[in-house]
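The values are calculated or read from the model by the stated rules, or taken from the named source; none is laboratory data. All values reported here derive from a predicted model rather than from experimental measurement. Here Cβ is always computed from backbone atoms with ideal geometry, including for glycine, and neighbour counts include all displayed protein chains. Each accessible area value is taken on the protein alone, full model and side chains, heavy atoms only, with ligands, DNA and RNA left out. Shrake-Rupley method; radii C 1.70, N 1.55, O 1.52, S 1.80 Å.
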Amino acid sequence: MPRASRRRSPAAERHADTVRFVLFEARPAGLLFHQLTRSSGLSHSQVRSGLACLRDMIAERDWPPLIWTRADGYKFCSDPAELQAYEVSVIREKLTEIRRFITSVVAPHAVLQPKGKWIKHLNTQLNSVESTLDVISEYSDA
């Protein structure tokens with residue numbers, strides 16, 4: 001059985017089609033979540049389900065990437081500079097999550113179990129991920 005992230009219900013696909021249609025109608029502008037909800041006639045949970053499914057469909061069908069910005073909301077984008085800015089902001093967000101996970105869970109676990117094989121392996125791998133994300137987050141074309 002496929003993972004939950006790979007299973008899509010027919011309802012989620014219908015919601016994704018509705019969200020895609022509404023976003024294409026709004027192009028090149030984006031829509032904030034409440035605008036997307038109102039314009040699509042879907043509930044909050046249906047829009048969330050549709051957005052998640054739409055992201056999977058975009059990857060499968062080579063459609064333009066879907067991004068979210070505070071100013072514009074959700075929108076399809078093909079501008080390289082805007083895509084890079086979005087990607088760097090997501091990487092920085094993930095970097096913050098990883099750092100908090102390391103300091104609040106992994107480091108205290110390592111103190112409790114300093115010779116544990118699992119915690120040593122986990123710590124090594126997460127430090128590698130943190131280092132890689134840090135390099136990416138500092139990248140710029142300038």
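Numbers below:
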| item | result |
| --- | --- |
| Identity of the residue in region 9-31, touching a helix residue (DSSP H, G or I) at 6+ places or on another chain (Cβ under 9 Å) and part of a loop (DSSP other than H, G, I, E, B), that ends up nearest to TRP68 (Cα to Cα) | GLY30 |
| Subset of region 123-139 [assigned to a loop (DSSP other than H, G, I, E, B) and open to solvent by less than 70 Å² (accessible area, probe 1.4 Å)] | none |
| Which numbered condition HIS34 fails, given (1) in a helix (DSSP H, G or I); (2) touching a residue at least 12 places away in the same chain (Cβ under 8 Å); (3) closer than 27 Å to VAL88 by Cα | (2) |
| Selection within region 11-36 - among the aliphatic types (A, V, I, L, M) and surrounded by 12 or more Cβ atoms within 10 Å (Cβ to Cβ) | ALA11, ALA12, ALA16, VAL19, VAL22, LEU23, ALA26, LEU31, LEU32, LEU36 |
| Out of THR18, THR69, THR96, THR37, sole residue that is polar (S, T, N, Q) and touching a Leu at 6+ places or on another chain (Cβ under 8 Å) | THR18 |
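Conditions (1) in contact with an Asp or Glu (Cβ under 9 Å, 6 or more places away or on another chain); (2) open to solvent by 80 Å² or more (accessible area, probe 1.4 Å); (3) modelled with pLDDT under 95, marked per residue:
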| position | (1), (2), (3) |
| --- | --- |
| SER39 | yes, no, no |
| SER43 | no, no, no |
| LEU51 | no, no, no |
| GLU60 | no, yes, yes |
| PRO64 | no, no, yes |
| GLY73 | no, no, no |
| LEU95 | yes, no, no |
| PHE101 | no, yes, no |
| HIS121 | no, yes, no |
